[in-house]
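Student: Shown below is the structure under consideration.
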Amino acid sequence: VIMLNTLTGLIPDCCGVSEAGAGSYIVSFPNGSTRPVTEPEILAATEIKARNDIEPVSAAQFQLALLDLGLLDDIENYIAGYGDRAMQLDWAKRQVYERDHPRIEQMRQLLGKTHTEVDAVFALAKTK
């Protein structure tokens with residue numbers, strides 16, 4: 001069900017995805033047409049699902065991982081100078097960091113980091 005929901009959210013203008021057996025899927029559109037889900041769409045959905053399955057970490061774990069990677073000072077300076085008060089409060093007060101939180105995605109984009117780099121921060125944080 002999670003994979004079907006992920007695919008449905010990933011494919012523009014679709015109204016649903018169903019299993020077709022043997023690891024394949026069919027996407028349906030509002031006009032009644034259907035087509036097979038492509039391999040790149042399945043790979044993208046698999047990556048999104050894996051990212052969403054990353055366990056939350058405490059603020060201390062997250063910040064220690066950033067420190068180990070040499071990113072903590074850069075991120076703190078960026079947040080302080082960015083001028084987004086909500087982001088500043090979130091950074092100062094958040095106790096748990098979730099990989100799929102919109103603020104993490106916002107920071108990833110603002111700092112020009114890849115999904116893989118952010119995933120690595122969370123993997124390292126789990127060891128703290």
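Student: Looking for something assigned to a helix (DSSP H, G or I) and touching a helix residue (DSSP H, G or I) at 6+ places or on another chain (Cβ under 9 Å) - is there at least one such residue anywhere in segment 18-38? Spell out the reasoning first.
Tutor: From segment 18-38, those assigned to a helix (DSSP H, G or I) are none; that's our starting set.
No, segment 18-38 has no match at all.
Student: It is to be established whether one or more residues within segment 76-95 are in a helix (DSSP H, G or I), among the β-branched types (Val, Ile, Thr) and over 27 Å from Thr6 (Cα atoms). Break it down stepwise before answering.
Tutor: Looking only at segment 76-95, we keep the residues that are in a helix (DSSP H, G or I), and these are 76-82, 85-93.
Still in the running and among the β-branched types (Val, Ile, Thr): 79.
When the remaining residues are screened for being over 27 Å from Thr6 (Cα atoms), the result is 79.
Within segment 76-95, one or more residues are in a helix (DSSP H, G or I), among the β-branched types (Val, Ile, Thr) and over 27 Å from Thr6 (Cα atoms).
Student: Considering only residues that are open to solvent by less than 60 Å² (accessible area, probe 1.4 Å) and in contact (Cβ under 8 Å) with a residue 12 or more places away in the chain, look in segment 88-109 and name the one that is nearest to Glu47 (Cα to Cα).
Tutor: Narrowing segment 88-109 to residues open to solvent by less than 60 Å² (accessible area, probe 1.4 Å): 88, 90-91, 97, 99, 101, 103-108.
Then keep just the ones that are in contact (Cβ under 8 Å) with a residue 12 or more places away in the chain; that gives 90-91, 97, 99, 103-104, 106-107.
On the way: Asp90: 26, Trp91: 26, Tyr97: 19, Arg99: 13, Arg103: 19, Ile104: 16, Gln106: 18, Met107: 19 Å.
The residue in question is Arg99.
Student: Does any residue in segment 69-85 that is without any contact (Cβ under 8 Å) to a residue 12 or more places away in the chain and of a type in the set (A, V, I, L, M, F, W, C) come within less than 9 Å, Cβ to Cβ, of a residue that is open to solvent by 70 Å² or more (accessible area, probe 1.4 Å) and in a helix (DSSP H, G or I) six or more places away or on a different chain, and which pairs are these?
Tutor: Leu72/Leu64
Student: Take segment 20-68 and flag every residue that is of a type in the set (Ser, Thr, Tyr) and in contact (Cβ under 8 Å) with a residue 12 or more places away in the chain.
Tutor: At the first step, the residues of segment 20-68 found to be of a type in the set (Ser, Thr, Tyr) are 24-25, 28, 33-34, 38, 46, 58.
Ser24, Tyr25, Ser28, Thr46, Ser58 - these are the residues of segment 20-68 that are of a type in the set (Ser, Thr, Tyr) and in contact (Cβ under 8 Å) with a residue 12 or more places away in the chain.
Student: Being more than 14 Å from Pro30 (Cβ to Cβ) and open to solvent by less than 50 Å² (accessible area, probe 1.4 Å) is the filter here, so list the residues in segment 1-19 that pass it.
Tutor: From segment 1-19, those more than 14 Å from Pro30 (Cβ to Cβ) are 1-7, 9-10, 18-19; that's our starting set.
Once the filter is applied, which keeps residues that are more than 14 Å from Pro30 (Cβ to Cβ) and open to solvent by less than 50 Å² (accessible area, probe 1.4 Å), segment 1-19 yields Met3, Leu4, Thr6, Leu7.
The values are calculated or read from the model by the stated rules, or taken from the named source; none is laboratory data. All figures in this text were calculated on a predicted structure; none of them were measured in a lab. Methodologically, a virtual Cβ is constructed for each residue, glycine included, from the backbone with ideal geometry; neighbour enumeration extends over all protein chains shown. These area figures cover heavy atoms from the full protein model, side chains too; ligands, DNA and RNA do not enter into them. Shrake-Rupley method; radii C 1.70, N 1.55, O 1.52, S 1.80 Å.
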